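The values are calculated or read from the model by the stated rules, or taken from the named source; none is laboratory data. In this text the structure is predicted, and so the values were computed from the model without any measurement. Note: ideal-geometry Cβ built from the backbone for every residue, glycine included; neighbour counts use all protein chains shown. Accessible surface areas use protein heavy atoms only, side chains included; no ligands, DNA or RNA. Shrake-Rupley method; radii C 1.70, N 1.55, O 1.52, S 1.80 Å.
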Amino acid sequence: MKDRVIVLGSVNTDLVVKVRRLPRPGETVIGGTFYQNQGGKGANQAVAAARSGEKPVTLIAAVGNDVFGRESLAALQRDRIDLTHVKVKHSISSGVALIMVDEGGENAIAVASGANTALSPADVNEVPDSVFESAAVLLACFEIPVETVRAGMRRARQFGVTTILNPAPVPEELPADLFSDVDIMTPNEHEIARLLHLPQIEDEAGVRDAATRLLDRGVRNVVLTLGARGCFFAGAEGTGFLPAFPVKAVDTTGAGDAFNGALAAALSEGRAWGDSLRWASAAAAISVTRAGAQPSMPFRREIEDFLKIHG
Ligand code: ATP
């Protein structure tokens with residue numbers, strides 16, 4: 001049965017302190033409140049795929065041999081994600097983001113990518129053939145080395161697995177031959193502008209032009225996510241706009257991860273292109289009505305109920 005989703009990406013822990021105001025260099029600001037969130041784009045997308053889908057989800061990632069890594073894996077296990085191919089790197093910490101947020105919502109973030117940077121092409125190539133043979137879709141994002149993503153895409157292609165690349169965050173350099181290994185690329189507006197070295201996209205003509213340029217590089221389909229405006233898709237599966245579902249947004253963090261994970265899950269179940277985009281769009285719409293990234297990823301039943309109401 002070829003129905004597995006493989007997610008290749010990062011695992012992080014977000015350590016967040018809410019403060020009255022952000023400290024200046026050298027200053028200490030006392031009186032904040034602390035909370036800890038599971039994060040990393042790879043982990044978020046794996047959770048989105050596992051909750052929204054009914055097929056197995058395998059995560060290829062790396063954590064350190066520390067409490068953050070263990071807690072991240074425990075959380076992913078609760079979502080029934082197959083962690084057999086998550087590497088535990090012994091001489092490096094797990095990925096950690098230190099986040100300070102002030103009363104106005106302004107933030108300052110420092111990321112120690114840790115084990116994510118040590119996930120190597122060799123780690124991907126060690127994953128047994130049987131995993132790729134049983135996979136329908138591979139979903140990859142950055143926050144891990146570009147070469148590792150390339151190894152994953154290439155291996156997936158060899159086994160006839162549909163490849164989705166969420167190019168976030170956009171690396172400094174992308175090898176030109178990576179594009180032709182991508183069945184579906186899912187940038188947001190900032191990412192596509194950075195990828196193509198374009199100024200910010202202003203209007204519908206800019207959206208169409210940017211998508212066409214990406215297709216010209218060898219990508220088979222582009223799904224350009226446009227926040228509350230929905231998404232624009234172009235390529236072998238067709239071209240058009242899909243408006244977002246009208247919801248009251250509370251926190252849009254992780255909308256892109258919800259969209260990508262749910263798209264991968266829908267395609268792995270053999271849903272048609274239009275249905276898969278609607279499914280992804282519904283999952284993302286639900287996620288923005290809730291706080292946080294990983295905790296906001298909706299379950300399958302919630303997406304089904306949402307689509308019954310929203311038609
Ligand atoms: P993030 O980086 O915050 O995870 P992103 O920038 O990668 O998100 P967006 O383009 O903001 O991704 O959003 C992805 C999808 O989520 C959109 O295409 C849309 O379907 C849905 N979405 C985002 N914001 C809203 C909103 N306010 N209301 C409804 N749907 C939304």
Original post:
Among VAL19, MET1, PRO56, whose Cα lies farthest out toward the positive end of the dipole of the stretch 1-73, if unit charges sit on the beta carbon of Lys, Arg (+1) and Asp, Glu (-1)?
Top reply: VAL19
Subject >> Interchain or long-range residues, amide H under 5 Å from ILE201's placed H >> reply: none
Subject >> Per residue accessible area in Å² of the stretch 1-125, where ligands, DNA and RNA are left out and the probe is 1.4 Å >> reply: 47 Å²
Original post:
Taking the alpha carbon gyration tensor of the stretch 16-127, what are the square roots of 5 times its eigenvalues, largest first, to the nearest whole Å?
Top reply: 31, 17, 11
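About its Cα centre, how strong a charge dipole does the chain have in debye, to the nearest 20, once Lys and Arg get +1 and Asp and Glu get -1 at the Cβ?
520 debye
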**OP:** For the stretch 192-309, compute Rh as the Kirkwood radius over C-alpha pairs and then the Stokes-Einstein diffusion coefficient at 25 °C and 0.890 mPa s; write the answer in µm²/s, rounded to an integer.
**Re:** 166 µm²/s
**OP:** State the answer as a single residue: which of THR162, VAL149, PHE179 lies farthest towards the positive end of the charge dipole of the stretch 132-181, with beta carbon charges of +1 for Lys and Arg and -1 for Asp and Glu, about the Cα centre.
**Re:** THR162
Subject >> Cα extents of the chain along the three principal axes, largest first (Å) >> reply: 55, 44, 41
Subject >> Fraction of antiparallel bridges per DSSP, the chain only, in percent to nearest 5 >> reply: 40 percent
Subject >> Percent accessible area from carbon and sulfur atoms, the stretch 35-135, protein chains only, probe 1.4 Å >> reply: 50 percent
**OP:** Mind grabbing the accessible area of GLU304 for me, 1.4 Å probe, Å², rounded to tens?
**Re:** 70 Å²
Original post:
What number in nm² do you get for the stretch 86-231 if you take the convex hull of its Cα atoms and divide its surface by four?
Top reply: 10.7 nm²
